[in-house]
Structures are given as structure tokens and as C-alpha cells.
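Inspection log for the structure reproduced underneath, given as C-alpha cells.
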Amino acid sequence: MNNIESIIKEAILQIKEADLKAIESIKVKYSGKSGVLTQILKSLSNCSVDDKKRIGQEANKAKNIIETEIELRKEALKKEILEEKMQKEKLDYSNKFYFPFTKGSFHPIIQTIQDISSVFKSLGFSIAQGPEIETNWYNFEALNIPQNHPARDVQDTFYLVGMKELLRTHTSPGQIHVMETQKPPIRVIVPGKVYRNEASDATHSATFHQVEGLSVDENITFVDLKAVLSDFTHEFFGTDVDIRFRPSYFQFTEPSAEVDMQCIFCKGKGCRICKNSGWIELLGCGMVHPNVLKAVNYDSEKYTGYAFGIGVERIAMFKYGIDDIRLFYENDLRFLKQF
Ligand code: DAH
């Protein structure tokens, strides 16, 4: 009986240490056909009935204990192996195996629109959006551009099938949308994409961007326009640049003007970029034409306003010293990464 006790203890010790291979030989050693316990059971044939029963029972019990321990150990070992395998196969998201991703940035045109917008926001303007698909009314008629005006020519305007709708040729229709839905006082900018049916070269593109500006209220004068646009130019290009207002013509403003800025490349001395004039054209502007106010049922006796239109690509080219507008649309990473 003592022998059986120590067989159990010895077997359990071995089982605890065993790996999957060793455990099979332990099984053979203790409960196999010629194993230790099987031997004991076989040797009982010469014993008394009493001993046969007593020792037989104990030996069978020991066999059960050892076999159960073996099964438990096998289960535990299999689990360990599986866990190890899963650990190895698990994806490691830590930066040990990182891919060389670099951070993206906003396109220079979007950045320029954001910069222009933040200057006007600081001057009390809000931001509105208009649709890119317009009708003749919004793009031309309401802006006092008569039916026979060359700007409406199919050469310049992309008409949609049926000729009823078109891709806006400027952001000025944004003025009409704003005035249709709001009452004065109005102080708003409308940034967006515009389209013109023209061949592209270093300074022209069929798609480009503008920021429209509009302010309407009682007693708005040209002085307000001058103040806002000179504030904008100085905020955007620096306080040391000179600007000038030059008389011009737009159908939707009267009087109209263009704002020139002293050439930032030659400091006004004259160079290739300013065509030796020392000045570069920045934007168009003027006092909102009474016909435009009438088109949106505003009282043109009571209200006055100013408007302006800024070409975003133009401004971005001056700001960053870029000499070909096409660079903005080619999306060459070597170009884009500089912003
Ligand atoms: N819409 C004009 C263009 O595309 C730009 C412009 C000029 C807008 C004068 C204005 C303005 O609001 O007052 O060429």
C-alpha cells in the first residue's frame, strides 16, 4: 500500500514537469499494458482474496488519479502552446514596425482661402456658400449683365445640356443668393470654385477660385470699401506694401475699381512679373449697382453697398512666388509638400 502511495507522488511530480512528448511515456510507464500499476494488478493473482480486493482497489484508484492528472496536464500544455502561437501571430500596431507615412496638409489653394477668410472674419464678415451650378439669372441677369454681353458667350461659359443651367463663371452670383435670403446689414464673403471655357496657360485655368465680398447697409460709402480692402491687403501681404485704387468697369458695380498692390517682387522698381509697371492687380471691386439691389427687391434709395472679387490663385501666386498656375492642379507631391 505504501508503495502505491509513493508511486502516485512520484508520478504526479513527473507529470508536472513533463512536456507533451514526455507525458505520453509517463502514461505508458504507469498505466500502460506493462506499466507499473498494471504489473501490480497482475501480481495479485497469488494473493489472498482480501488483499486482492484491498490492493486491487487502491491500485485502480491510483491508476485513475494518475490518468486524470495526465489529462489535466495535457490540456494545460495544449492551451499554453495555443496561446504562444496566438501571441506570435498577433499584429503589432506599436511603432516598432511603422510604415513611413507622412502627415498630409491642406492644398495651397485651400490654405489661401482659409487665410483670406480669417482676415475677413476678423473684420466682421461671415462666410456663405453658393452653388457651382447656376442659372442665367443668378450668374448674369441679376448682376446687371445684359443678354447680349460678350461674357455670356458660349466661348467663355460652360453651359449644361439644354442651356438652362451653367457652371458659374464667378462667385458674384453668391451676392444674389445672400441678398435673397438675408436683410441688411450684410457683411459676407463667398469663397468658391468658378469655371471658364478657356485654354489653360501659365496664368489661365478653366477652373479656379474666387472669394466674393459683399457689404450692404444704410450709409455705406466708397470709404468703407477702401478701408476694408486696404486692411485686408496689409494683413495679408504686410503693412509696408502700398496699394492704389484704379478706376475700372464691372456691370454690377458703379463706380468700379481695381486694387493694385506695389509689386512685392521688385518693390515697385519694375520687373518681369509686374510688366515693368511696379504694380500688380489684386482684385476688382466697387459700389453695388442699384440695378443689382433692385433685382433682389432691396430699396436702392435706402441701402448702399460695396462688393469685391478676389482671385485666389492670383493671390497665392504672389504670396508664394509661384509663376505657373498649372502647378496648383497637377498635384505633384514635390510641389504640394512645400506647403
Ligand atoms: N466677378 C468679377 C470677375 O469674375 C470680379 C468682381 C469684380 C467681383 C468687382 C466683384 C466686384 O464683386 O465688385 O471678374
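The values are calculated or read from the model by the stated rules, or taken from the named source; none is laboratory data. Computed from a prediction, not measured in an experiment: that's the story for all the values here. FYI the Cβ positions are ideal-geometry reconstructions off the backbone, even for glycines, and counts take in every protein chain you see. Ligands, DNA and RNA are excluded from the accessible area calculation, which covers all protein heavy atoms including side chains. Shrake-Rupley method; radii C 1.70, N 1.55, O 1.52, S 1.80 Å.
For the reader, a short list of remarks on this structure follows.
Okay, residues lined up against (1) part of a strand (DSSP E or B); (2) open to solvent by 20 Å² or more (accessible area, probe 1.4 Å); (3) in contact (Cβ under 8 Å) with a residue 24 or more places away in the chain; (4) closer than 30 Å to Ile109 by Cα:
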residue: Gly286; (1), (2), (3), (4): yes, no, yes, yes
residue: Asp299; (1), (2), (3), (4): no, yes, no, no
residue: Phe308; (1), (2), (3), (4): yes, no, yes, yes
residue: Arg314; (1), (2), (3), (4): no, yes, yes, yes
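- Lone unmet requirement of (1) touching a Lys or Arg at 6+ places or on another chain (Cβ under 8 Å); (2) surrounded by 12 or more Cβ atoms within 10 Å (Cβ to Cβ) for Lys16: (2)
- Residues of region 263-315 that are within 16 Å of the ligand (Cβ to nearest atom) and basic (Lys, Arg): Arg314 alone.
- Test: Ala227 is under 14 Å from Phe308 (Cβ atoms), among the small types (Gly, Ala, Ser) and surrounded by fewer than 17 Cβ atoms within 10 Å (Cβ to Cβ): yes
- Any hit, region 297-304, residues being among the acidic types (Asp, Glu) and closer than 21 Å to Arg246 by Cα: no
- Scanning region 322-338 for residues being in a loop (DSSP other than H, G, I, E, B) and open to solvent by 50 Å² or more (accessible area, probe 1.4 Å) gives a total of 6.
- Residue list for region 208-251, filter: hydrophobic (A, V, I, L, M, F, W, C), within 16 Å of the ligand (Cβ to nearest atom), in contact with a strand residue (DSSP E or B) (Cβ under 7 Å, 6 or more places away or on another chain) and in contact (Cβ under 8 Å) with a residue 60 or more places away in the chain: Phe208, Val211, Leu214, Val216, Ile220, Phe222, Leu225, Leu229
A quick yes/no check of all residues on (1) within 16 Å of the ligand (Cβ to nearest atom); (2) over 21 Å from Leu283 (Cα atoms):
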position	(1), (2)
Thr135	no, yes
Glu141	yes, yes
Gln147	no, yes
Val154	no, yes
Lys164	no, yes
Leu167	yes, yes
His170	yes, no
Pro173	yes, no
Met179	yes, yes
